[in-house]
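A.B. asks: After the structure tokens below, expect a handful of questions from me.
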Amino acid sequence: MTDHRPADPGSVRLRRWLHRNSKRVLVATVGFVVLLIGLAMVPLPGPALLVIPAGLAILATQFRWARRLLDAVRARTGQAVQRFRHHDRPAPVVDESPQEDDARHESGIVGGHSDVA
């Protein structure tokens, strides 16, 4: 004879919750793992600046706070790129000291070669 005990109400609720939210739990797990790997790459060698936004993008598919944070990261990245592109770079400095040029002509060396044969 089989024993038909009533299921524990807590375990039934847990199973129902997991069934309804399994995708969200999976996305949260994968997103947080990628995000933590990216954060670990900040002091360690690795492409942290690519991995962190990837983790946020994964989390942003299910969580509004991650979407807002990702949008803020994108905006600041865009601002930094614009500053870098429009930054006035100083012209290269070419030292054409007239004293060195005069010294080379007086010694008979022009263009690094002696005129004396």
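A.B. asks: Restricting the first residue to the stretch 25-39 and requiring it to be hydrophobic (A, V, I, L, M, F, W, C), which pairs with a second residue that is open to solvent by 30 Å² or more (accessible area, probe 1.4 Å) and not in a helix (DSSP H, G or I) meet a Cβ separation below 9 Å and a spacing of at least six or different chains?
C.D. replies: VAL27/THR61; VAL27/GLN62; VAL27/PHE63; ALA28/GLN62; ALA28/PHE63; ILE37/GLY46
A.B. asks: I need the full set of residues from the stretch 6-29 which are of a type outside the set (Val, Ile, Thr) and under 17 Å from LEU70 (Cα atoms), in order please. Quick ask: steps written out before the conclusion?
C.D. replies: Initially, the stretch 6-29 is screened for residues of a type outside the set (Val, Ile, Thr), giving 6-11, 13-24, 26, 28.
ALA28, the sole residue that qualifies.
A.B. asks: Also, quick follow-up: LEU69 is checked against (1) touching a Leu at 6+ places or on another chain (Cβ under 8 Å); (2) among the aliphatic types (A, V, I, L, M); (3) at pLDDT below 60 and fails just one. What number does that condition carry?
C.D. replies: It fails just one condition, (3).
A.B. asks: Output the residue which, of all residues in the stretch 41-62 that are on the phi < 0 side of the Ramachandran plot and assigned to a loop (DSSP other than H, G, I, E, B), is surrounded by the fewest Cβ atoms within 10 Å (Cβ to Cβ). Let's see the steps before the verdict.
C.D. replies: Filtering the stretch 41-62 for residues on the phi < 0 side of the Ramachandran plot gives 41-45, 47-62.
Checking the rest, the ones that are also assigned to a loop (DSSP other than H, G, I, E, B) come to 41-45, 47, 61-62.
On the way: MET41: 16, VAL42: 11, PRO43: 8, LEU44: 9, PRO45: 6, PRO47: 10, THR61: 12, GLN62: 16.
The residue in question is PRO45.
A.B. asks: Are any residues in the stretch 30-40 open to solvent by less than 40 Å² (accessible area, probe 1.4 Å) and either over 15 Å from LEU70 (Cβ atoms) or aliphatic (A, V, I, L, M) (or both), and if so, which ones?
C.D. replies: Of everything in the stretch 30-40, those that are open to solvent by less than 40 Å² (accessible area, probe 1.4 Å) and either over 15 Å from LEU70 (Cβ atoms) or aliphatic (A, V, I, L, M) (or both) turn out to be VAL34, LEU35.
The values are calculated or read from the model by the stated rules, or taken from the named source; none is laboratory data. Given the structure is predicted, the values throughout are model-derived calculations rather than measurements. Cβ: placed from backbone, ideal geometry, glycine included. Neighbour counts: every protein chain shown. Note: areas computed on protein heavy atoms with side chains; ligands, DNA, RNA excluded. Shrake-Rupley method; radii C 1.70, N 1.55, O 1.52, S 1.80 Å.
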